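> Starting off with a structure, shown below.
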Amino acid sequence: NYKMAGLDLEHLKHFRSITSKLTGHGEAHLFPEGVYMSNGPLGSAFPQSQGLALAEKIAGTNRTTICTLSDGAAMEGEAKEAMAAIPGLAAKGKCAPFVLLVTDNNTKLSGRIDQDAFSMSPTFQALETLGWKVLKLEQGNDLLACISTIELALQLAKVNPAQPVAVWAKTIKGIGTKKTAESASGGHGFPCKSPTELHAFVSEIYGTEDYPTEFKKWIEELIQLEIKIKSEAQPDTGEKIQKGIAKAMTNAVKKGLPVFSVTSDLPGSTGVADFRKEFPNHSLDVGVAESNMISVAAGLSKQGFIPVVDTFAQFGVTKGALPITMANLSEAPVIAVFSHTGFQDAADGASHQALSYMSMLATIPHVDLYSLSSSEEAEHILNAVIEKFAADKKAGHSAKTSVFFLGRENFPKTFSTEKNKLNYVPYQPQVIHQHIVGAKNVLLVTTGSLVGEALKASATLEKKSVGSIVVNLNCLNHIDLSVLKPLLKKCEGRLITVEDHQVSLGMGSYLCHQLVQSGESLSMKSLGVHGEFGQSAYNAIELYRKHGMDSESIVKAATELLG
């Protein structure tokens with residue numbers, strides 16, 4: 001492709017000297033000619049790169065810092081802060097040369113930025129007013145134009161470090177194939193819905209050339225596999241937890257309750273998209289700005305609305321801790337739906353995996369944390385919380401903020417059975433399964449995405465003539481101990497907690513403290529993550545196994561506890 005762009009090999013080598021490691025989320029790379037910082041998942045690399053430029057100046061090395069920033073990440077509050085701070089500090093002689101590469105493709109995960117939220121053009125037009133030297137690159141997908149513009153930016157930044165340089169590049173995400181370029185998300189995900197579309201897709205990439213026979217073979221194998229899967233498909237009895245969220249919100253509006261959705265780009269992933277489609281006048285997208293989302297919701301709450309915010313758990317708890325604190329301090333409660341907890345965002349890796357979601361919010365006054373395991377549970381608990389919120393408002397009381405955590409992978413619609421009809425009551429632990437065997441019994445307490453693994457472990461223990469009681473905690477930081485204490489006595493104080501969270505300051509830690517404080521004696525094992533970040537995997541179960549919280553690990557812990 002570099003030949004098609006009219007470049008020779010030396011041009012390419014020069015370009016690669018700057019861009020050879022443009023890969024990670026918020027990663028910094030050092031080169032002889034400069035420091036490069038890649039854009040992070042929350043726009044965090046941009047403000048971090050500010051520190052790199054300051055450090056270069058202080059150390060006297062004065063290499064040029066280069067940072068890429070997408071228009072979606074530029075919506076974040078900390079990115080806006082850095083847009084003002086970098087030229088301000090540079091003008092005072094405190095920064096080494098700085099170049100910002102803005103890729104403006106009008107695309108975020110859920111669709112086009114200007115249609116869903118608002119145009120970012122005024123923000124980028126304001127860069128010059130803030131003190132940046134702005135180079136506008138209209139053809140941001142033209143490799144030769146990119147090289148010449150970046151070379152000019154580097155020269156200007158080195159000649160005058162007191163004024164940082166911003167390259168405002170208009171780009172098309174997914175350019176190269178019509179299907180991805182025209183996708184509202186720019187091909188984020190899977191632009192081809194079936195392997196039958198792959199021939200045309202790959203042919204477009206290769207143009208007039210015939211693509212390799214290996215590809216043809218693979219495509220045919222995928223087509224045959226699709227036929228086989230469809231012919232053997234069984235009825236799906238599951239239902240994602242997200243469906244229950246949308247049902248509860250929809251039912252509330254139909255009852256006349258003032259539920260209002262405020263999202264920051266991820267409604268399709270969190271489950272509120274169905275609600276927003278049915279009630280567009282009860283919906284607002286503030287763009288990729290989680291802190292602002294919660295603060296907006298707090299203002300709506302003050303005016304009598306029941307605001308529901310949504311994003312991934314990692315973004316919600318990190319960006320949301322301060323505005324959630326301020327909202328409750330101001331008696332402006334909100335309801336939050338934070339999805340993809342723990343390893344449930346396996347494919348996106350460590351940056352997206354919330355492994356401290358409970359500990360970050362659990363001690364904020366007037367905040368309840370719920371962890372959901374099925375669609376039915378989600379619908380019932382959220383219904384109850386919305387109705388209580390409305391009743392408190394009507395009575396002139398300040399409601400509590402309620403945060404709902406949920407996973408992303410397939411879940412059963414319910415854990416109720418013919419033998420076990422569950423009652424969905426906030427704060428009240430649910431006994432999912434109970435099988436008592438003489439004096440050899442353990443109490444398995446879990447929550448959310450790991451309820452299924454606990455049930456598998458219980459079935460295995462039963463085959464080993466070991467009894468168990470499986471309990472699901474729907475609320476993480478307010479627990480009705482009167483339900484648990486009799487169960488603990490049946491198990492002679494033997495307790496195993498299992499959670500998709502850091503063991504330190506997690507559900508097990510909190511539960512143990514509550515039980516011991518109330519006078520109970522325990523013999524306990526806590527399964528979870530031990531002070532590590534996550535990593536990429538195809539499915540969450542792979543990481544559950546690695547960190548010792550899958551069904552086999554639960555069985556092993558029970559065996560050790562019984563001696």
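The values are calculated or read from the model by the stated rules, or taken from the named source; none is laboratory data. As the structure is a computational prediction, the values presented were derived from the model and not from experiment. Here the Cβ positions follow ideal geometry from the backbone for every residue, glycine too, while neighbour counts run over all protein chains shown. For accessibility, only protein heavy atoms count, side chains too; no ligands or nucleic acids. Shrake-Rupley method; radii C 1.70, N 1.55, O 1.52, S 1.80 Å.
> How about the range 146-185: which of its residues are touching a strand residue (DSSP E or B) at 6+ places or on another chain (Cβ under 7 Å), among the small types (G, A, S) and either modelled with pLDDT of 90 or more or open to solvent by less than 30 Å² (accessible area, probe 1.4 Å) (or both)?
Matches in the range 146-185: A153, A157, A166, A169, S185.
> Moving to a separate point now. Given the range 97-145, what helices (runs of 4 or more DSSP H) lie entirely inside it while holding 1 or more residues that are surrounded by fewer than 17 Cβ atoms within 10 Å (Cβ to Cβ) and among the hydroxyl-bearing types (S, T, Y)?
Details: elements: 113-116, 121-125, 127-130.
Filter on the range 97-145 gives 121-125, 127-130.
> While we're here: Quick test for you: out of F305, F343, pick the one residue that is modelled with pLDDT of 95 or more and open to solvent by 40 Å² or more (accessible area, probe 1.4 Å). Quick ask: steps written out before the conclusion?
Numbers: F343 fails: open to solvent by 40 Å² or more (accessible area, probe 1.4 Å).
Only one candidate passes the filter, namely F305.
> Restricting the first residue to the range 230-253 and requiring it to be without any contact (Cβ under 8 Å) to a residue 60 or more places away in the chain, which pairs with a second residue that is part of a loop (DSSP other than H, G, I, E, B) and surrounded by 24 or more Cβ atoms within 10 Å (Cβ to Cβ) meet a Cβ separation below 9 Å and a spacing of at least six or different chains?
Qualifying pairs under 9 Å: A246/G271; A246/V272.
> Specify which of the listed residues (S449, S509) is out of contact with any His (no Cβ under 8 Å at 6 or more places or on another chain) and either over 25 Å from G271 (Cβ atoms) or modelled with pLDDT under 95 (or both). First the steps, then the outcome.
On the way: S449 fails: either over 25 Å from G271 (Cβ atoms) or modelled with pLDDT under 95 (or both).
Every option except S509 fails the conditions.
Every residue, every condition in (1) more than 21 Å from Q242 (Cβ to Cβ); (2) surrounded by fewer than 22 Cβ atoms within 10 Å (Cβ to Cβ); (3) in contact with a Pro (Cβ under 8 Å, 6 or more places away or on another chain), yes or no:
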{"residue": "E387", "(1), (2), (3)": "no, yes, no"}
{"residue": "F404", "(1), (2), (3)": "no, no, no"}
{"residue": "N410", "(1), (2), (3)": "no, yes, no"}
{"residue": "T414", "(1), (2), (3)": "no, yes, no"}
{"residue": "N420", "(1), (2), (3)": "yes, yes, no"}
{"residue": "V431", "(1), (2), (3)": "yes, yes, no"}
{"residue": "G438", "(1), (2), (3)": "yes, yes, no"}
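> Would you check if there is a residue in the range 515-528 being at pLDDT 95 or above and within 21 Å of the chain's Cα centre (by Cα)?
yes
> Of the conditions (1) touching a strand residue (DSSP E or B) at 6+ places or on another chain (Cβ under 9 Å); (2) in a helix (DSSP H, G or I); (3) farther than 22 Å from I245 by Cα, Q344 fails just one. Which one is it?
(3)
> Looking only at the range 320-339, filter to residues that are among the hydroxyl-bearing types (S, T, Y) and touching a helix residue (DSSP H, G or I) at 6+ places or on another chain (Cβ under 8 Å); which one of those is nearest to L361 (Cα to Cα)?
Of all residues in the range 320-339, those among the hydroxyl-bearing types (S, T, Y) come to 325, 330, 339.
Subsequent filtering for residues that are touching a helix residue (DSSP H, G or I) at 6+ places or on another chain (Cβ under 8 Å) retains 330, 339.
Working: S330: 17, S339: 15 Å.
Among them, the one singled out is S339.
> Testing L329 on (1) of a type in the set (A, V, I, L, M); (2) crowded, with 24+ Cβ neighbours inside 10 Å; (3) over 30 Å from R545 (Cβ atoms), one condition comes back false. Which one is that?
Among (1) of a type in the set (A, V, I, L, M); (2) crowded, with 24+ Cβ neighbours inside 10 Å; (3) over 30 Å from R545 (Cβ atoms), L329 violates only (2).
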